1. Out of 43, 47, 57, 22, which single residue is at positive phi and at pLDDT below 90?
2. Do you know which residues across the range 16-44 are under 19 Å from residue 130 (Cβ atoms) and either crowded, with 17+ Cβ neighbours inside 10 Å or in contact with a helix residue (DSSP H, G or I) (Cβ under 8 Å, 6 or more places away or on another chain) (or both)?
3. Please identify the pairs in which a residue from the range 113-134 that is farther than 16 Å from residue 46 by Cα has its Cβ atom under 7 Å from the Cβ atom of a residue that is at pLDDT 90 or above and in a strand (DSSP E or B), counting only partners at least 6 apart or on another chain.
4. Which of the residues belonging to the range 77-112 are near ligand 2 (Cβ under 9 Å from one of its atoms) and free of Cβ contacts under 8 Å to residues at least 12 places away in the same chain?
Ligand SMILES: [Zn+2]
Ligand SMILES: [Zn+2]
């Protein structure tokens, strides 16, 4: 299983810039989201403030347009066939029936872009992601 990427690793790999003030870097004074999950292609580390309120940044979230996703079902089918499930939710850690959730919403066929979640966690994950992207 992939280890959770820490803030330090993400900084060392060069794709994460910490936002310790928790304020949007555009200067609007609003507090930014704290994603629950790490999504490398957004530069997000779980539990760390993102740099911009959705739509305020010059790059990042806005480059990933939700509507450009490939077929949701095709990629989920692929995920189901390609990865063995542990039968354990990676968020609440309950041992219950799980589903593959796509982290970035881009639906790339990459193992790092999927996490195994129970149904309730998957639903709240999808709500969180959509609030970030739309
Ligand atoms: Zn802003
Ligand atoms: Zn769960």
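The values are calculated or read from the model by the stated rules, or taken from the named source; none is laboratory data. None of the values given here were measured: they were computed from a predicted structure. We place every Cβ from the backbone using ideal geometry, glycine too, and count neighbours over all the protein chains shown.
1. The unique qualifying residue is 43.
2. Answer for the range 16-44, where residues must be under 19 Å from residue 130 (Cβ atoms) and either crowded, with 17+ Cβ neighbours inside 10 Å or in contact with a helix residue (DSSP H, G or I) (Cβ under 8 Å, 6 or more places away or on another chain) (or both): 32, 33, 35, 36, 37, 38, 39, 41, 42, 43, 44.
3. 118/98; 119/99
4. 93
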